[in-house]
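A.B. asks: Here's a structure for you.
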Amino acid sequence: MTAAIAVGVLTAGGFFLLLRPGLVRVTFGFVLLGHAANVLLLAAGGPERREPPLIGDGDPAGMADPLPQAFVLTAIVITFGITVYLLGLARAEHLAGSGSRSGTGPEGPAESAEPPR
Amino acid sequence: MSGEGGALAAALLSMGVLALLSPVLDRRLGRDTGYVLAVGFLVVAAVLAPAASTALDGGAVTFSHAWTDSPEISFTLRMDGLATLFCLLVLGVGALIMAYCPRYLTAGGRHGRTYLLLTLFGGAMLGLVLAGDLLLLFVFWEMTTVASFFLIGTGGARAARPAVRALLVTGMGGLALLVAMVLLGIAAGSTDLATVLRAREEVLDSPLSPAIATLLILAAFTKSAQVPFQFWLPGAMVAITPVSAYLHAATMVKAGIYLLLRFSALYSGQTGWVICLMGVGLFTAVLGAVQALREHDLKAMLAHSTVSQLGLLVAAIGVGTTVALAAAILHTFAHALFKATLFMIIGVIDRQAGSRDIRELSGLMRIMPVTATLAGLAGLSMAGVLPMIGFVSKESLFQGFAGADVFPGAGVVAAALAVTASVLTFAYGMRIFYGAFAGPMLQRQLHEPSWAFIAPAAVAAVAGAVLGPAVSVLDPLMRQAVLNAEPWAVPPYFAFWHGLSPELFLSALTIASGLVLFSARDRVDRMLQRLPRPDGAAAFDRVHSAVLGAGAVVGRPDRSDSTAAYLARPAAALVVLGCVGVFAADGPGIRAGAPSDPVDWGVLALLAMAVAALVRTRSALAAVSLLGAVGLIVALWFLLAGAPDVALTLLLVEVLTAMTAAFVLSDLSTRFPRPRRGAAAAALAGAAGLVAALGTLALTGRRELSPAGAYFLEAAEPETGGRNVVNTILVDFRGLDTLGEASVLAAAALGLLLLLPGQPDGTVGGPRAPYGRVLGPAHRLLLPGIAGLSAYLFLRGHYEPGGGFSAALVAGTAVAFGYLAGRTGPRWLSPRPLLAAGLVLGAAVGLAAMVLGDPFLTPFTIPVPGGGLSSPLLFDAAVYLMVLGLVVTVVDRLGAGRAEHR
């Protein structure tokens, strides 16, 4: 139940930020959506088993499913890669001189030569 | 599979090899490459000759190679009589055209591309008529379309629009053919062409039958330029003359005729088929002939003439009686001969006299008597005059049309229309000949072209003249082709002289009326010029631009400046999909979901507060801090859920994300702009959150430990020696996934390197850091500790929480800190060396396993002094390098821009 609510809260927050103007906040929304997906993945492993999957450190019957954890670990790092790339785009757009515009669009510097509308 | 079957594959393969050779030959031989290719075409024909003789004895030579199992499709080639006839056209006319090209093309120019495309087209056309599988037929059909597009493009810039029109029209027909082939495969239960053609009863009884017939007809009409698609063919005449002669007169436009003949075995005699083909065909025949008669450009006349003749062929196939089919097959052959000749002659005139307009040409007969004679022979064949092969085929066509019986009186109507088209044909044939060759001589400096230039045309023209009286030579081929088109037919024998038959009377009537029409040409001309011209190309362009306009309207929201405008739609779609998914999985009831821990509720409350604050704040600084807070709370959540590795990694990622955001935001406005339309966004976001929560409820808490998870828990230590199961999954069990993921990071880093400018001197970090005096010594003090922590995390990763990811992220914080402190790192600590080393090391570890005989990335032990070094540790080091490479890139590029902007 808590996992479901956590996913709901993170998704709602993520989508709200995605729909805001400005590429930086869109990126933040993307990070929140990444968290939501990771919480969901981990919950799929079965939240009743909560021992860390370290052999020899606890009761094997209570150990968490390691496979979703490996997925989530991978997903976190990939999300990081995409996040910094998106932030790089925001920076590139700013360097190209369109950062003062309220709706910083997805277009790269090439299209930003148009006058601001 | 017999040796003859192999010959079919060898023939196709040889065409491919010839095509690939042609640019090489062109570099050495220039335009004379055509002679080599002509010989090549004849050799391919010789390769096929044994198979052809089997086919003419009533057999069929087959080559089959399994392609896909499900659906069962095989690469089947099949040569029967009908295929033999078309192979003869493709290779025979092809060889003539190839021998014609060298003198037509400009000397000294580069023609490798033209030769390559022409030969590729020849191969595709050969494949089309030899295809023994429905889908293979479609593939070759599309190849001819594409080759045609590029070959029309040889006409230069003005060819762009006509080439696109031809591509779109014939491409549309190709799509229709694809659907027809799939439906036919379903109706007949097989995609093998021979099996399908034997399954007449099954196909005709199937409810799909009308749709299949319609689509086949659509495909054939687009390819063979029938009304209303006829306009692309005259447009395609901007291509160079060899292309027009080969593709747009002799072979490619006959692909539609081949298709209709082939599937006559299924549909011949069906009322809808008969009426559609006869109606459209005869209308096209008359319309094309009228158009030809009003043109002044010789090539345009021939183009409209081809449209008209194709109409006659379509109509004769529609009649479907054995006589009519036989006539269509013979006329296909005759038309290829006389039309190829005429095109080649007109190319000769164009090159010699510099014009194709009959208002500018005159009197060429006196200076080019041989050329004129050849044109005369081909023209007489086209007009259906004794003793040419065109006379025999035209008589057979009349006989066939007169036998039409789809409704009472159909024969009379059809024969009358065919005679009308033929009268017009006679008249424009005279117009072509008279326009170019008769009258006073205007260009005295001209002379007869070299024999090499006109020899190919001479071969075709003489063949057309000789094969008239000797038409019975063709009997075995024609009779077998008729049998293949209509297996139940009793094929007729062709005769040069039928005696005083009604057809002879019709021929005489045709010639007489044609002469009358020609002698009154001035008045006819004036009358025809007053008639409105149907401009199919303009109509097509209007429809085309309307479609593009509609696409622009549909796509307009995506070209908005605001990301919200287009992210809103996928967001809404996700909500809808989520609703559907939740209800499909579980019904509308609410499940309890997985059991929860009391502590969870506390963490959840913190999370909700942090998210709420994050979405509401307009301060950039607060947003970065709150985003970090959310990340820390989620990391805590993971720790409580028994995932210390994940928690550790997320913690480190959050630190670096916050750092990156701080770099970027320090130049962007520190206050976010005031939001608009907040309520709608909030409603959509709320709905998405609700659906996500319901979906999570529906999907979780349903099962015990997954079999895969149980396996890893059990096998991790005995198989890898590692006790940290998550780390063993990443580096031992599923290394390929991890390599892929680390490569994604490397790609993101490369993207940043390309996107953003670096420091002018190429170093990492900036010297003008504002807090350097405080942070510099701190960095110096902390650096050994951070480096040690990183090494410790890396080395213990196999046994305890840690590993390459987290270790690299720790090292990355040191780099970032160093940047803030204004300290420059060593040279090797720059993005490119790190990323390259990581990628190379990861791939090398994987390939080393292959060298040892195991699959890619299988773990192995490297013997070193004092024990063994396990390859997963090296692999983890590769991951470490790539992750560190990304962090260094971020610091370098995002930080660098910041320094510049101060």
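The values are calculated or read from the model by the stated rules, or taken from the named source; none is laboratory data. Not measured: the values here are computed from a predicted model. Every residue, glycine among them, receives a Cβ derived from its backbone with ideal geometry; neighbour counts consider all protein chains shown. SASA here: full protein model, heavy atoms, side chains in, ligands and nucleic acids out. Shrake-Rupley method; radii C 1.70, N 1.55, O 1.52, S 1.80 Å.
A.B. asks: Treating the angle as unsigned and between 0 and 90°, give the value, to the nearest 10°, between the Cα long axis of helix B:598-616 and the longest Cα principal axis of chain B.
C.D. replies: Around 60 degrees separate the two axes.
A.B. asks: What's the center-to-center distance, using Cα atoms, between the stretch B:691-731 and the stretch B:518-559 in Å?
C.D. replies: Rounded to whole Å, the Cα centres lie 65 Å apart.
A.B. asks: Could you compute how fast the stretch B:467-506 diffuses translationally, taking Rh as the Kirkwood radius over C-alpha pairs and applying Stokes-Einstein at 4 °C with viscosity 1.567 mPa s? Give it in µm² per second.
C.D. replies: Values: Rh = 11.3 Å.
Using the Kirkwood radius from Cα pairs, D works out to 114 µm²/s.
A.B. asks: I need the shape label for the stretch B:1-87. Rule: rounded when a/c is under 1.5, else prolate if a/b > b/c, else oblate, with a, b, c from the alpha carbon gyration tensor. Before the final figure, lay out each step's value.
C.D. replies: Working: a/c = 3.24, a/b = 1.59, b/c = 2.04.
Since a/c reaches 1.5 but b/c is at least a/b, the shape of the stretch B:1-87 is classed as oblate.
A.B. asks: With the alpha-carbon atoms as the only input, what is the per residue convex hull volume for the stretch B:321-431 in Å³? Intermediate results must be reported in sequence, preceding the final value.
C.D. replies: Working: hull volume 10.5 nm³, N = 111.
Per residue, the Cα convex hull of the stretch B:321-431 comes to 95 Å³.
A.B. asks: Would you calculate a helix-derived [θ] at 222 nm for the protein assembly as shown, using -39,500 (n - 2.57) for each DSSP H run of n ≥ 4 and dividing by the full residue count, to the nearest 500?
C.D. replies: Working: 40 runs with 713 residues, N = 1019.
When only DSSP H runs of four or more count, the value is -23500 deg cm²/dmol.
A.B. asks: While we're looking at this one, here's another question. Calculate, in whole percent, how much of the Cα-Cα pair population of the protein assembly as shown lies beyond 45 Å.
C.D. replies: Working: 270327 of 518671 pairs.
So the portion of pairs separated by more than 45 Å is 52 percent.
A.B. asks: If you fit an axis through the alpha-carbon atoms of helix B:271-294 and take the longest principal axis of the Cα set of chain B, what angle between them do you get, 0 to 90°, nearest 10?
C.D. replies: 70
A.B. asks: Can you return the aspartates and glutamates within cross-link range of residue B:254? Criterion is Cα-Cα under 15 Å, with same-chain partners fewer than 8 residues away left out.
C.D. replies: Filter leaves B:142.
A.B. asks: Given labels modelled 7 Å from the Cα in the Cβ direction, how far is it in nm from residue B:157 to residue B:450?
C.D. replies: Distance between the two pseudo-spin positions: 3.2 nm.
A.B. asks: So how do A:54-64, B:519-529, B:313-323 stack up, highest first, on mean other-Cβ count within 10 Å? Can you show the working numbers first?
C.D. replies: Values: A:54-64: 15.4, B:519-529: 12.2, B:313-323: 27.5.
Order by mean packing, descending: B:313-323, A:54-64, B:519-529.
A.B. asks: Per the 1.4 Å probe, what fraction of the accessible area of the protein assembly as shown, in percent, lies on carbon and sulfur atoms?
C.D. replies: Solvent-exposed carbon and sulfur of the protein assembly as shown make up 68 percent of the total.
A.B. asks: Shifting gears a bit: For peptide B:13-26, compute the average count of partner chain beta-carbon atoms within 10 Å of each residue's beta-carbon.
C.D. replies: On the way: counts 0, 0, 0, 0, 0, 0, 0, 0, 0, 0, 0, 0, 0, 0.
Taking all residues of B:13-26 together, the mean is 0.
A.B. asks: Could you work out the mean projected area of the convex hull around the alpha carbons of the stretch B:772-895, in square nanometres to one decimal? Before the final figure, lay out the partial values.
C.D. replies: Details: hull surface 34.9 nm².
Directional mean of the projected Cα hull area for the stretch B:772-895 stands at 8.7 nm².
A.B. asks: Normalised by the number of residues in chain B, what is the relative contact order in percent for Cα pairs under 8 Å and 6+ residues apart?
C.D. replies: Details: 1423 pairs, mean separation 76.2, N = 902.
Relative contact order here is 8 percent.
A.B. asks: With a 1.4 Å probe and every protein chain left in place, work out the accessible area per residue of the stretch B:236-345 in Å², rounded to a whole number.
C.D. replies: Values: 1310 Å² over 110 residues.
Each residue of the stretch B:236-345 exposes 12 Å² on average to a 1.4 Å probe.
A.B. asks: Could you name the aspartates and glutamates whose alpha carbon sits less than 15 Å from that of residue B:394, not counting residues in the same chain fewer than 8 places away?
C.D. replies: Cα-Cα hits under 15 Å: B:503.
A.B. asks: While we're on this one: Note the buried accessible area between A and B here, summed over both chains, with a 1.4 Å probe, in Å² to the nearest 100.
C.D. replies: In total, chains A and B hide about 8100 Å² from solvent.
A.B. asks: Any idea of the accessible area per residue across the stretch B:529-572, 1.4 Å probe, to the nearest Å²? Show your work: numbers first, answer last.
C.D. replies: On the way: 2840 Å² over 44 residues.
Per-residue value: 65 Å².
A.B. asks: A further question follows. Please give the helix B:112-130 orientation as an angle from the longest Cα principal axis of chain B, in degrees from 0 to 90, rounded to the nearest 10.
C.D. replies: Helix B:112-130 sits roughly 80 degrees off the main axis of chain B.
A.B. asks: Using the C-alpha gyration tensor of the stretch B:471-619, what are the square roots of 5 times its eigenvalues, in whole angstrom, with the largest one first? Don't jump to the answer; show the numbers that get you there.
C.D. replies: Numbers: eigenvalues 1284, 207, 27 Å².
Semi-axis lengths for the stretch B:471-619 are 80, 32, 12 Å.
A.B. asks: A further question follows. Got a number for the accessible area of residue B:626? Probe 1.4 Å, square angstrom, nearest 10.
C.D. replies: About 40 Å², rounded to the nearest 10.
A.B. asks: Can you spot the lysines whose alpha carbon is less than 16 Å from residue B:299's alpha carbon? Ignore those fewer than 8 places along the same chain.
C.D. replies: The reachable lysines, counting only those whose Cα sits under 16 Å from residue B:299, are B:339.
A.B. asks: Note the per residue figure in Å³ for the convex hull of the C-alpha positions in the stretch B:217-339.
C.D. replies: Numbers: hull volume 10.3 nm³, N = 123.
Here the figure is 84 Å³ per residue.
A.B. asks: Taking the alpha carbon gyration tensor of chain B, what are the square roots of 5 times its eigenvalues, largest first, to the nearest whole Å? Mind dumping the intermediate values first?
C.D. replies: Numbers: eigenvalues 1072, 201, 175 Å².
Here the semi-axes work out to 73, 32, 30 Å.
A.B. asks: Under a 1.4 angstrom probe, counting protein chains only, how are A:94, B:335 ranked by accessible area, largest first?
C.D. replies: The ordering from most to least exposed comes out as A:94, B:335.
A.B. asks: Still on this structure: With unit charges on the beta carbons (Lys and Arg positive, Asp and Glu negative) and the dipole taken about the Cα centre of the protein assembly as shown, which residue among B:442, B:169, B:15 sits farthest to the positive side?
C.D. replies: Ranked along the dipole, the leading option is B:442.
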